[in-house]
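Notes to accompany the following structure.
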Amino acid sequence: MLKIAKMINTIITGTGKFVPENIIKNSHFLNHKFYDENGDRLPKTNKEIIDKFEEITTIAERRYSDSDMVSSDMGYLASLKAIEDAGIDKEELDYILVAHNFGDVREGNIEVDIVPTIASRIKHKLGIENPYCVAYDVPFGCPGWLQAFIQADYYIKSGDAKKILIIGAETLSRVIDPHDIDGMLYADGAGATIIEARDSDAIKGVLAHLTRSDTKDHMSLLTMGRSNNLELRKKDKIYIKMQGRKVYIYAISEVPNAIKKTLEKANRDLSEVKRIFIHQANGKMDDAMVDRLYKMYKLPKPEFIMPMTVQEYGNSSVATLPTLLDIVKHDEKENYDIQEGDLVVFASVGAGMNINAMAYQF
């Protein structure tokens, strides 16, 4: 009798997060001096600026890391929780993939520090002795954690790996221009995920994914640049800069298309999707992307389809998706549980400009 070969599935078995305790409310910025890109002081009062910012982004507060903590510290702490949650031996890990954008930026020093890699530092902090546990970084803008997940899926489906730790960690509070209103978007944090190979007669776990990089016309929508403050601009420092309106237009146009194509690759329909996990960039932008997605399918948007954390945690870049996943997986968000068999979508957009999406069945 012929034996039917079992399929190798990529399954999430553990999650963890580290959310800094330092809550930075919007009132923190009341005494800041805000300038436009030409160096002119913004004419409105700070209260008017901040109120408008919250209306547009839905962000009321964000978290900043302790002064003595860097990205690798937060990634390590999130990893400990993910490893414990998965119930695995850390020495069995085949890969550690760490998504970030700026490395271990230290308090008062905006310089990027990525030698050795953040992945190597986290492997060292974890005390892993296995030299065949390969650790490397994935700098891919805000979609970095999801792109690391996609790379990890290739490793598992090819038979090259059985257990992989994926981390997203960032300290954006240390690379923002204090005189640019976009600086209020950003936050710090880390999320970690264990994925494993599982043999099964049925397809589950990662069903399909898609990635695109639009560098021809959109490469400069998110870059590093000088301060809006002309005095600071004289100094040899660069900060994260964004063309917010253009990013918004690009995201609401292209992210829904990426999700639709991913679902088509998975031979699934949007009506089957239980949750949509989108990078927590900006509340209004995330809403607009999902609204457009449902309009493309001519379907009403379900009430509890997209869990959100940006209102209280801000935009911690690569850390938003794994943090959000951990919150929902551990029933920390009312009305947003996940059950066995649920189909979910992950999607992200960020500097590059890069977009990715993944269909996953629990």
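Structure summary
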{"item": "Flag if Lys17 is surrounded by 15 or more Cβ atoms within 10 Å (Cβ to Cβ) and assigned by TED's automatic domain parsing to the domain that holds Gly87", "result": "yes"}
{"item": "Some residue of the range 86-94 being surrounded by 15 or more Cβ atoms within 10 Å (Cβ to Cβ), basic (Lys, Arg) and within 19 Å of Leu126 (Cα to Cα)", "result": "yes"}
{"item": "Criterion: over 19 Å from Ile278 (Cα atoms) and either buried (at least 20 other Cβ atoms within 10 Å of the Cβ) or of a type outside the set (S, T, N, Q) (or both) - qualifying residue of Asp188, Asp160", "result": "Asp160"}
{"item": "The lone exception for Glu334 - which of (1) at pLDDT 95 or above; (2) more than 16 Å from Thr193 (Cα to Cα) it fails", "result": "(1)"}
{"item": "Residue in the range 59-69 that is in a helix (DSSP H, G or I), crowded, with 21+ Cβ neighbours inside 10 Å and not acidic (Asp, Glu) present", "result": "no"}
{"item": "Near pairs, Cβ below 6 angstrom, 6+ apart or cross-chain, from the range 121-148 (part of a loop (DSSP other than H, G, I, E, B)) to any residue that is surrounded by fewer than 24 Cβ atoms within 10 Å (Cβ to Cβ) and aliphatic (A, V, I, L, M)", "result": "Gly141/Ala351"}
{"item": "Single residue of Asp182, Asp177, Asp153 found to be closer than 25 Å to His28 by Cα and either assigned to a helix (DSSP H, G or I) or touching a Pro at 6+ places or on another chain (Cβ under 7 Å) (or both)", "result": "Asp182"}
{"item": "Candidate set from the range 156-170 (those that are touching a helix residue (DSSP H, G or I) at 6+ places or on another chain (Cβ under 8 Å) and outside any loop (DSSP other than H, G, I, E, B)); member that is nearest to Ser316 (Cα to Cα)", "result": "Glu170"}
{"item": "Scope the range 181-223; condition within 16 Å of the chain's Cα centre (by Cα), among the small types (Gly, Ala, Ser) and over 21 Å from Tyr155 (Cβ atoms); matching residues", "result": "Ala187, Gly189, Ala190"}
{"item": "Condition check for Lys47: outside any loop (DSSP other than H, G, I, E, B), under 22 Å from Ile176 (Cβ atoms) and of a type in the set (D, E, K, R)", "result": "yes"}
{"item": "Subset tally (residues that are in contact with a strand residue (DSSP E or B) (Cβ under 7 Å, 6 or more places away or on another chain), among the hydroxyl-bearing types (Ser, Thr, Tyr) and closer than 21 Å to Asn315 by Cα) for the range 238-272", "result": "1"}
{"item": "Close pairs from the range 251-267: first over 12 Å from Thr211 (Cα atoms), partner buried (at least 23 other Cβ atoms within 10 Å of the Cβ) and among the β-branched types (Val, Ile, Thr), Cβ under 6 Å, at least 6 apart", "result": "Ala251/Val349"}
{"item": "Among the residues listed as Lys237, Lys241, Lys216, the single one being touching a Ser or Thr at 6+ places or on another chain (Cβ under 6 Å) and either basic (Lys, Arg) or not assigned by TED's automatic domain parsing to the domain that holds Val290 (or both)", "result": "Lys241"}
{"item": "Selected residue (only one of Thr171, Thr215, Thr193, Thr262 is crowded, with 22+ Cβ neighbours inside 10 Å and over 29 Å from Val19 (Cα atoms))", "result": "Thr262"}
{"item": "Inter-residue pairs, beta-carbon under 9 Å, first on the phi > 0 side of the Ramachandran plot and in the range 46-59, second surrounded by 17 or more Cβ atoms within 10 Å (Cβ to Cβ) and in a helix (DSSP H, G or I), 6+ apart", "result": "Thr58/Gly283; Thr58/Asp286; Thr58/Val310"}
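Residue-wise test of (1) more than 19 Å from Ala148 (Cβ to Cβ); (2) among the β-branched types (Val, Ile, Thr).
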position: Leu80; (1), (2): no, no
position: Glu84; (1), (2): yes, no
position: Ile88; (1), (2): no, yes
position: Arg106; (1), (2): yes, no
position: Glu111; (1), (2): yes, no
position: Ile114; (1), (2): no, yes
position: Ala119; (1), (2): no, no
position: Lys123; (1), (2): no, no
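The values are calculated or read from the model by the stated rules, or taken from the named source; none is laboratory data. Quick caveat, the model's predicted, so the values are computed rather than measured. Note that each Cβ is placed from the backbone with ideal geometry, even for glycine, and that neighbours are counted across all protein chains shown.
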